[in-house]
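Heads up, the thing below is written out as structure tokens.
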Amino acid sequence: MRRRTFLASGGAVAGLGLAGCVTQEGDNGGTTGNGDDEDVLRVAANTSFVDAPSDSPGEWIAEEFADRYDVEFEWHTPEQELNYYIERHNEDVEIEPELYLGLNPHEVVRADGNTDGELFVETDDDALEHLANVDEEHYFDPQGRVIPTYRSFCAMVYDGRNVPEPETFEDLLDPEYEGQIAVSNPQRGTTGLLFLLWTIDYFGEDEYLEYWEELLDNDTRVLDSWSEVYAQFEEGEIPVVASYANDRVYAQRAGNDLEKHQVALLNDQAYANIAGMGRFADGTNDELAHEFMDFILDPEVQAVIAERNVTGPVNDETELPEVYEEYAEVPDDTPFFDYDDLEANLDDWLGEWEQVAAGDH
């Protein structure tokens, strides 16, 4: 068999770096002092949520929240993302933000495993008016610290001009897809991890590795990140990639060729990806933090996040933008491993996958 295309780089955590910071003041100015200020809310998030080159919701959220609550608002976007705050906690260094927005289940599991579960604190559900309209299926933290915020679904995106639609997992093993598929490394990229978990759910723990052996023997490429995978797709180098079921929302908004941007739901499924928000244990302004959490769950805000972040809402009262209603794929069957499943198994699954991905057959 041929050698697999498996590209990897160094360790996932390369030091702390400095937290990026984007500030927005309310209409009446707010204050610009230190972490003791009552009228400053600092929120951590991934850089792409705040200032992605497309149309991320970060700037709108900062302006809208600052205006509504007459406070100064700061985004904190450290290069190492959640790892930055895990390291600060373990070194007993102050964590300035009150919250982290954009936590996936596997990240919460990782944070708990590296901080003895001390990084985040429980949320007061009674303080969140809009929580009543968030369905229980979106919850993933059994300790009640992380509140669902938005959702997406991992699916295959394919260039309909050059390859037929793959309808099943087994289709990806066909010779016509040899060397035509790319996924991100599940040890580093979220979409790659979602795709791996999807295969584990579908094939079971006893058979998923055999499927991956066949998939990689069909010259499927494993790249470092989703951005690298998607760049190769957009440049026409790879026609089938593991990405998101709402890809056509982004493509329509960007004026891209929709014949190229097609979505395949393998076996009529797409793996659910839920993101949430949690309060840091170091937080000092519980009231303002809870006001922000309820603000994020407001149907109007949920609609803006859905359109600009190209994700779906968790508040059932949200009226989705027309582009989302028309172009997003929302499957009926959405497998999902919760916190307990991931805590018990994720390290083993990733270790087993790494052995298969690095081997020769």
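Among the residues of segment 70-80, those identified as in contact with a helix residue (DSSP H, G or I) (Cβ under 6 Å, 6 or more places away or on another chain) and not β-branched (Val, Ile, Thr) are Phe73, Trp75, Pro78. Among the conditions (1) under 20 Å from Pro335 (Cβ atoms); (2) among the small types (Gly, Ala, Ser); (3) under 18 Å from the mean Cα position of the chain (by Cα), the only one that Ser225 does not satisfy is (1).
Kindly indicate whether Gly278 is part of a loop (DSSP other than H, G, I, E, B) and modelled with pLDDT of 95 or more.
So Gly278 does not fit the description; no.
Looking across segment 271-292, the residues that are in contact with a Ser or Thr (Cβ under 7 Å, 6 or more places away or on another chain) and either hydrophobic (A, V, I, L, M, F, W, C) or free of Cβ contacts under 8 Å to residues at least 24 places away in the same chain (or both) come down to Ala272, Ala275, Met277. Residues that are under 21 Å from Gln232 (Cα atoms) and within 24 Å of the chain's Cα centre (by Cα) do occur in segment 135-154, at least one of them. Taking segment 200-234 as the search range and keeping residues that are touching a Leu at 6+ places or on another chain (Cβ under 8 Å), at pLDDT 95 or above and in a loop (DSSP other than H, G, I, E, B), which one is nearest to His261 (Cα to Cα)? Per the stated criteria, the residue is Thr220. Within segment 295-319, being within 24 Å of Asp67 (Cβ to Cβ), in a loop (DSSP other than H, G, I, E, B) and of a type outside the set (D, E, K, R) holds for Asn309, Thr311, Val314, Thr318. Residues in segment 102-134 that are buried (at least 17 other Cβ atoms within 10 Å of the Cβ), more than 20 Å from the chain's Cα centre (by Cα) and in a loop (DSSP other than H, G, I, E, B): Thr123, Leu128.
The conditions are (1) outside the structural domain of His130 (by TED's automatic domain parsing); (2) more than 20 Å from the chain's Cα centre (by Cα), and Asp333 fails exactly one of them. Which is it? Here Asp333 meets the rest and fails (2).
The values are calculated or read from the model by the stated rules, or taken from the named source; none is laboratory data. Just so it is clear, the structure is predicted and the values come from calculations on it, not from any experiment. All Cβ positions, even for glycine, are placed from backbone atoms using ideal geometry, and neighbour counts span all protein chains on display.
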